[in-house]
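Asker: First, the structure itself, so that you have it in front of you.
The values are calculated or read from the model by the stated rules, or taken from the named source; none is laboratory data. Treat the numbers as computed from the prediction; the structure is a model and nothing was measured. Counting neighbours? That spans all protein chains shown, and the Cβs are built from the backbone with ideal geometry, glycine included.
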Amino acid sequence: MRPSNKVVIPPRRAFLADLGLGFTGLALGAMFARDGVGSPAAWTPPDGRPHFAPKAKSVIWLFMNGGVSHLESFDFKPEITKHAGKTIAETPYADVQNPAKLALERAPVPDANGLQRNVLFPLQTGFRRHGQSGMEISDLFPHTARNADRIAIVRSMWTTDSNHGAQTQFHTGRHMLDPAQPTLGGWVHYGLGSINDELPQFISIGFREYWNRKDGLYLGPAHDAVPLRIDPANPLDFGRPERPFSPKAQSIGFDLVGRMSRATAVEYPDDPATAARIASYELAHSMQQSVPAVVDFADETEETKRLYGLDLPHCRDFGMQLLAARRFVERGVRFIQIQHGGGGAGAWDAHGGLKANHSSLALAVDQPIGGLLEDLARRGLLDETIVLFATEFGRTPGTQGSDGRDHHPFAFSVWMAGGGIKGGTVHGATDELGFHAVEDRHYVTDIHATILKQLGLDSRTLEIPGRKRLAIDHGTPIDAILG
């Protein structure tokens, strides 16, 4: 009998060979080599199931770039206005800048002489109590304040980077000069399986600076967020061919690249990164069809559009992003990361003209945020969706120049809502001048740990052999704000 020329593919290889068809033409050998795919697997990825019963399914991560002043937003400190024009040393609260206290954060100790020259800058907005909880919120955020009983404010955050690399630190838990770590969104994407195979599970909307642009890092590029624009005609980079192709031509191309991808899978049968890469290219093809429909609001009512402020020029852009976020969550997207004011240091970086700066920016984001919380709640989605409002650090109680505030890593505020978060809660506190977090202090990874817990994930179980993280990298859940 003549020997057969048929190639017999082992079961494992046959399984991988069945992966992916369509947009997988990007799975060319050169691109696999570029991404380091094809090397022996260093670990077995998670199976996509939560480690314990989750309280939430999705996260909408709202990040205000530049450093929102906690003193003009969510941490009312009337003593600053009472002692305005005095140096900190001239007030009854001179001890708040004690270097021994500042050292607790491992942060750089400010120049004491410089601080002595800084005079307290009066609050640039009023505050009122809201909701049954009586939560104090700045007059700059009336729509957020309307949802006071849905949110939990953490007023005792701290970090260690006094410059805008703190954006990276909030997302990863590490100083930007430390070895790079994946972002929280990258870890969530790595740890949990897909809810909807037609859409990406991790989306990034808005501009991200170069120091805060990667998510997967050593988890692999498959765990980077997919960047999107809220434009039905062109929401994805490279989402359209450079010139028109007939359906027949597209079909021929998809068939060819599908066969090439299967060949690559056969060549690297035991490399999960290869399988993940092929699957990601297949997802890219699916997204060409599914994403434009999500960011097209033609089927939304006029009332819903007004709720998000789409009829108002000052908040239309951010409103569109948040309405899209709700639509993605509705369709099963896991993690949506929205950056507001990205570029350079960040729009919220008010070294001067703080009142005008924060008034304008709050006007741009507040109504869409209030609308998002109310829309999620009335659709029954808030119970399973965590909404986070965050920024990289706060701002000094003392003035910078004549009418601004400097960077301040020693105390700032964030808030969370939904997904098992206990609404109407205020947790942690700063001193009388808002200088230092003094009660229930929380490093930024405590926010990560809280979100992971609600999603049913244990960060230590996700840890990769050979990539052991420090205890502070994992953080501790803030149980006081959990229902």
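Asker: Given the conditions (1) in contact (Cβ under 8 Å) with a residue 40 or more places away in the chain; (2) surrounded by 20 or more Cβ atoms within 10 Å (Cβ to Cβ); (3) touching a strand residue (DSSP E or B) at 6+ places or on another chain (Cβ under 9 Å), report the number of the one that residue 450 does not fulfil.
Answerer: (1)
Asker: Sticking with this structure for a sec: In the set 451, 421, 447, 472, which member is farther than 26 Å from residue 162 by Cα and in the same structural domain as residue 159 (by TED's automatic domain parsing)? Spell out the reasoning first.
Answerer: Numbers: 451 fails: farther than 26 Å from residue 162 by Cα; 447 fails: farther than 26 Å from residue 162 by Cα; 472 fails: farther than 26 Å from residue 162 by Cα.
When all the criteria are applied, what remains is 421.
Asker: I would also like to ask the following. When you scan region 365-483 for strands (runs of 3 or more DSSP E) that lie fully inside it, which ones turn up with 1 or more residues that are in contact with a helix residue (DSSP H, G or I) (Cβ under 7 Å, 6 or more places away or on another chain)? Step through it out loud before you land on a result.
Answerer: Details: elements: 385-391, 412-417, 425-427, 437-439.
Strands (runs of 3 or more DSSP E) meeting the threshold: 385-391, 412-417, 425-427.
Asker: Also, I was wondering about something else. Considering only residues that are farther than 15 Å from residue 298 by Cα, surrounded by fewer than 24 Cβ atoms within 10 Å (Cβ to Cβ) and not charged (D, E, K, R), which ones fall in region 310-320?
Answerer: 312, 313, 314, 315
Asker: When you scan region 293-315, do you find a residue that is within 13 Å of residue 200 (Cα to Cα) and under 22 Å from the mean Cα position of the chain (by Cα), even just one?
Answerer: Of region 293-315, the ones within 13 Å of residue 200 (Cα to Cα) are 294.
Next, only the ones that are under 22 Å from the mean Cα position of the chain (by Cα) stay: 294.
Yes, some residue in region 293-315 is within 13 Å of residue 200 (Cα to Cα) and under 22 Å from the mean Cα position of the chain (by Cα).
Asker: Any residue at all in region 250-258 that's modelled with pLDDT of 90 or more and either assigned by TED's automatic domain parsing to the domain that holds residue 290 or under 15 Å from the mean Cα position of the chain (by Cα) (or both)? Walk me through how you get there before you give the answer.
Answerer: Narrowing region 250-258 to residues modelled with pLDDT of 90 or more: none.
Checked against the condition, which is being modelled with pLDDT of 90 or more and either assigned by TED's automatic domain parsing to the domain that holds residue 290 or under 15 Å from the mean Cα position of the chain (by Cα) (or both), region 250-258 yields no hits at all.
Asker: Is one or more of the residues making up region 275-294 part of a helix (DSSP H, G or I), surrounded by fewer than 16 Cβ atoms within 10 Å (Cβ to Cβ) and at pLDDT 85 or above?
Answerer: Scanning region 275-294 turns up at least one residue that is part of a helix (DSSP H, G or I), surrounded by fewer than 16 Cβ atoms within 10 Å (Cβ to Cβ) and at pLDDT 85 or above.
Asker: Condition (residue is hydrophobic (A, V, I, L, M, F, W, C), within 30 Å of residue 402 (Cβ to Cβ) and either in contact (Cβ under 8 Å) with a residue 40 or more places away in the chain or assigned to a helix (DSSP H, G or I) (or both)) applied to region 318-333: is it met by at least one residue? Quick ask: steps written out before the conclusion?
Answerer: Of the residues in region 318-333, the ones hydrophobic (A, V, I, L, M, F, W, C) are 318, 320, 322-325, 328-329, 333.
When the remaining residues are screened for being within 30 Å of residue 402 (Cβ to Cβ), the result is 318.
With either in contact (Cβ under 8 Å) with a residue 40 or more places away in the chain or assigned to a helix (DSSP H, G or I) (or both) added as a condition, the list becomes 318.
Taking every residue of region 318-333 in turn, at least one turns out to be hydrophobic (A, V, I, L, M, F, W, C), within 30 Å of residue 402 (Cβ to Cβ) and either in contact (Cβ under 8 Å) with a residue 40 or more places away in the chain or assigned to a helix (DSSP H, G or I) (or both).
Asker: Return the residues of region 334-364 that are at positive phi and either modelled with pLDDT of 95 or more or touching a strand residue (DSSP E or B) at 6+ places or on another chain (Cβ under 7 Å) (or both); say none if nothing qualifies.
Answerer: 341, 346, 353
Asker: I've got another one for you. Does at least one position in region 184-204 carry a residue that is surrounded by 16 or more Cβ atoms within 10 Å (Cβ to Cβ), touching a Leu at 6+ places or on another chain (Cβ under 8 Å) and part of a strand (DSSP E or B)?
Answerer: yes
Asker: In region 448-470, which residues are among the hydrophobic types (A, V, I, L, M, F, W, C) and over 23 Å from residue 60 (Cα atoms)? Full working, then the answer.
Answerer: Step one: filter region 448-470 for residues among the hydrophobic types (A, V, I, L, M, F, W, C), giving 449, 451-452, 455, 457, 462, 464, 470.
Result: 464, 470.
Asker: Looking at region 215-234, which of its residues are closer than 18 Å to residue 343 by Cβ and either part of a strand (DSSP E or B) or at pLDDT below 90 (or both)?
Answerer: First, pick out the residues of region 215-234 that are closer than 18 Å to residue 343 by Cβ: 225, 227-230.
Within region 215-234, 227, 228 qualify.
Asker: Run residue 344 past the list (1) within 23 Å of residue 315 (Cα to Cα); (2) touching a Gly at 6+ places or on another chain (Cβ under 6 Å); (3) in a loop (DSSP other than H, G, I, E, B) and report the number of the one that doesn't hold.
Answerer: Single failed check for residue 344: (2).
Asker: Can you find a residue that is polar (S, T, N, Q) and under 20 Å from the mean Cα position of the chain (by Cα) anywhere in region 355-371? Write out each step before concluding.
Answerer: Here is the first cut: in region 355-371, the ones polar (S, T, N, Q) are 357, 359-360, 367.
With under 20 Å from the mean Cα position of the chain (by Cα) added as a condition, the list becomes 367.
Looking for residues that are polar (S, T, N, Q) and under 20 Å from the mean Cα position of the chain (by Cα), one finds at least one in region 355-371, hence yes.
Asker: I'm trying to understand the selection: among the residues of region 167-225, which are aromatic (Phe, Trp, Tyr) and without any contact (Cβ under 8 Å) to a residue 12 or more places away in the chain? Talk me through it step by step, then tell me what you get.
Answerer: Here is the first cut: in region 167-225, the residues aromatic (Phe, Trp, Tyr) are 170, 187, 190, 202, 207, 210-211, 218.
Scanning region 167-225 gives a single hit, 210.
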